[in-house]
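The values are calculated or read from the model by the stated rules, or taken from the named source; none is laboratory data. All of these numbers come straight from a predicted model, not from anything done at the bench. Ideal geometry is used to build each Cβ from the backbone, glycine not excepted, and the neighbour counts take in all protein chains shown. Please note that ligands, DNA and RNA were not included when accessible areas were found on the heavy atoms of the full protein model with its side chains. Shrake-Rupley method; radii C 1.70, N 1.55, O 1.52, S 1.80 Å.
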Amino acid sequence: MNPRTPDLFGEVSPEPSTSKASVTGKSTDSRPLTPAARALVLRGQLHHHAHAYYTLDAPEIPDAEYDRLFRELQTLESAHPGLLTPDSPTQRVGGQVLDAFAPVTHRVPMLSIRTETDTEARGAETFDTRIRKELGLSESEPPVDYVGELKFDGLAMSLRYENGVLTQAATRGDGETGEEVTANIRTIGQIPLRLPPDAPAVLEVRGEVYMRRDDFERLNERQRQRIAAGTKGEKTFVNPRNAAAGAVRQLDSGIAAERPLSFFAYGLGDITPASDGGPQWAKHHDMLMQLKAWGFPVAEQTACVQGAAGLVAFHQRIAVERDALPYDIDGVVYKVNDLAQQARLGFVTREPRWAVAHKYPAQEEMTTVQAIDVQVGRTGKLTPVAKLFPVFVGGVTVTNATLHNELEARRKDVRVGDTVIVRRAGDVIPEVVSVVLDRRPAGAPQFTMMSLCPVCGSLAEREEGEADHRCTGGLFCSAQRKQAVWHYAHRRAMDVDGLGDKLVDQLVDSGQVKTLADLYHLRLDILANMDRMAEKSAINLLEALEKSKTTTLGRFLFSLGIRHVGEATAKELARHFGQLDAVMAASEDALLQVADVGPVVAHSIRTFFDQLHNREVVQALRDAGVTWPEGDALAPTEMPLAGVTVVLTGTLQSMGRDEAKEKLEALGAKVAGSVSKKTHYVVAGAEAGSKLDKANALGVPVLDDAGLAVLLSGQKPG
Ligand code: IVH
């Protein structure tokens, strides 16, 4: 909770050069106030936000914004000391104690650390200079020994062990008095409940309870499902620290146990040595290693470093590693390693002089939503994206943040003109975590997803039980063109050899292929001029395209990429209706008669062919010469191998397995992937393995290439 800790040294760092006026909204763009009036406003806002943060575990603004308000008040108070009141938020450390938990008086107060807000190397150098001065070290004396630690973004915890047993866990509270949360803390598997016999008689371990980012994502996903299922009183969490604080201060420890927490130790509180004196240490780092030996997690990045150069290198190294860590950190902490030196340095108010936190750029910031655009992905998924006033967050400038889908956008109720909190932590794509409601402009309309695809104008639909809207313009929509061409050419679809991903990209990007039918009008000179295409490969591709024109109805239907229509469904459709026009004209009811076609699939097929664009593309493909043998609708029982189940295994001599499968299915056989008692024949080629063994074990007839030929003649071998 350090970001909210007053900086009692009263240092003020320059305001960041981001779009302050627009991001801080009401707090800056009102008429200039007198210092007294401004101090009053700031105190009111800080009290309000501290309550939301500490007591309700539901912050409304990012830490970085709180810090800015806090520093503004500090500056005002130091320029006008008469304005300072005893109840000013600058005069209090930490949060309030909730009545719900028993108060715990810390025998050794839980201190906070001074924060160095200069995120550049200078932050480390300033600290080292101050330490050397306060220790009275001259320039000729060797560099100071420091320990570099991570500054975990969770909440401080004091764990008390008496005679080796965990007896009490307490939050920091205001530093003097915390809350007793032992039951909830016992649910954290990483915290030892019992210590080895060499542990001191009384030992208070101080450290940070936090939630890993992956645990946080999983928890929020579960919360979203609960909300979607209508469970009352559930909410999602803004960030891992907020989720951890909520779990620790959960009154029902059963619920706390469902929320995965972790722990890192970084210090000591009260300690009474064991009667035999017990282990001793003269250095902070040795003490950490002893804690580790007793079973407490200590971050592996913790390192001994020398002088300002060592601190700067540590800060830079961790900055690089930060995104890859599985948990959030908001900076690093430097501590003087030698405990005798620590004692000489002592404390000022509530902060030790021997430690400092050196921050990194914030992972949450505030900005405004300029627009909400809808993007269409290559599978036709429509994604609302918030277009943001550029904001520096998590080390990069962010201008876009996904809102995932209409349900999410509505749940967060993000509107154009809103002030929002944006989070970018780790490699995760930037997200809008919440809206600062009291800064919403009057009349901002709620977001609704459009009913037409913004790229091609086809109908955009959300299926029952799904969160995403999709464009139904499949073949026509330019956003989906590459995917459509790639799918069309696939071996199991139209099988156009030589039409790889890279070539598809070039053909679509250069505008040569706007619809699938354009593939059949490609000229040799154009193809040969594409990157990495020689004349020979261009000729081969043209031949492959020519060959693909003669196909089957099942393959053609599959190649159209109709959502939910896989290879098997396409074959069933072909078998059932016999002719393409019959499939295109079939009502949803008629489609439901087809084996394996349920309401979702039937609706998807109907919607696809209802789009004029899609019908035009089909016609253009036929005009280009794509043909297949059309027949009458056949009842499955009329086919020679209807009801026969065959398994293919090993390498066949007469044909590939795909070809054999297709031919068998055309005769009505079912080709299965595994052998069971219901299998009628196993066709085994060279190097057949376990399937052949199983067939023999079950007494299923085994056929070779000759037996397959008999089957393909429509007869059932002996
Ligand atoms: S040492 C005597 N070390 O930062 C110094 N604190 O204001 C006591 N924190 O809320 C703190 N990582 O929970 C220390 N490696 C670390 C830390 C750390 C995170 C938090 C701590 C407290 C705040 C200090």
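Values computed for the structure shown
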quantity: Considering residues of region 196-215 that are open to solvent by 10 Å² or more (accessible area, probe 1.4 Å) and within 12 Å of the ligand (Cβ to nearest atom) only, the residue nearest to Gly246 (Cα to Cα); calculated: Tyr210
quantity: Region 117-147: number of residues that are open to solvent by less than 20 Å² (accessible area, probe 1.4 Å), part of a loop (DSSP other than H, G, I, E, B) and not β-branched (Val, Ile, Thr); calculated: 1
quantity: Scope region 456-500; condition modelled with pLDDT of 85 or more and among the acidic types (Asp, Glu); matching residues; calculated: Glu461, Asp468, Asp495, Asp497
quantity: Subset of region 311-349 that is small (Gly, Ala, Ser) and under 27 Å from Tyr210 (Cα atoms) - its residue that is nearest to the ligand (Cβ to nearest atom); calculated: Gly331
quantity: Filtered residues of region 163-174 (kept if more than 16 Å from the ligand (Cβ to nearest atom), touching a residue at least 24 places away in the same chain (Cβ under 8 Å) and out of contact with any Ser or Thr (no Cβ under 6 Å at 6 or more places or on another chain)); calculated: Asn163, Gly164, Val165, Leu166
quantity: Residue in region 690-709 that is surrounded by 13 or more Cβ atoms within 10 Å (Cβ to Cβ) and of a type in the set (Val, Ile, Thr) present; calculated: yes
quantity: Pairs, first within 10 Å of the ligand (Cβ to nearest atom) in region 99-114, second assigned to a loop (DSSP other than H, G, I, E, B) and among the aliphatic types (A, V, I, L, M), C-beta under 6 Å, six or more apart; calculated: Ser112/Val93
quantity: Residue within region 470-491 that is within 22 Å of Ala371 (Cα to Cα), touching a residue at least 40 places away in the same chain (Cβ under 8 Å), open to solvent by 20 Å² or more (accessible area, probe 1.4 Å) and in contact with a Ser or Thr (Cβ under 8 Å, 6 or more places away or on another chain) present; calculated: yes
quantity: Residue within region 227-249 that is open to solvent by 60 Å² or more (accessible area, probe 1.4 Å) and not in a loop (DSSP other than H, G, I, E, B) present; calculated: yes
quantity: Some residue of region 309-318 being farther than 27 Å from Glu134 by Cβ and either open to solvent by less than 60 Å² (accessible area, probe 1.4 Å) or acidic (Asp, Glu) (or both); calculated: no
quantity: Among (1) more than 25 Å from the chain's Cα centre (by Cα); (2) open to solvent by less than 30 Å² (accessible area, probe 1.4 Å) - the single one Asp418 does not satisfy; calculated: (1)
quantity: Every residue from region 175-187 that is in a loop (DSSP other than H, G, I, E, B) and either over 22 Å from Asp328 (Cβ atoms) or within 15 Å of the ligand (Cβ to nearest atom) (or both); calculated: Gly175, Glu176, Val181, Arg186
quantity: Members of region 350-362 found to be open to solvent by 20 Å² or more (accessible area, probe 1.4 Å) and either modelled with pLDDT of 90 or more or within 12 Å of the ligand (Cβ to nearest atom) (or both), listed by number; calculated: Arg350, Arg353, Trp354, Lys359
quantity: Any hit, region 262-278, residues being within 15 Å of the ligand (Cβ to nearest atom), at pLDDT below 95 and open to solvent by 20 Å² or more (accessible area, probe 1.4 Å); calculated: yes
quantity: Selected residue (criterion: nearest to the ligand (Cβ to nearest atom)) from residues of region 119-162 that are of a type in the set (Ser, Thr, Tyr) and farther than 30 Å from Arg194 by Cβ; calculated: Tyr146
quantity: Residue check for Ile227: of a type in the set (Val, Ile, Thr) and over 30 Å from Gly269 (Cβ atoms); calculated: yes
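Yes/no per residue for (1) within 19 Å of Tyr266 (Cα to Cα); (2) surrounded by fewer than 23 Cβ atoms within 10 Å (Cβ to Cβ):
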| site | (1), (2) |
| --- | --- |
| Glu149 | yes, no |
| Leu159 | yes, no |
| Asn163 | no, yes |
| Gln168 | yes, yes |
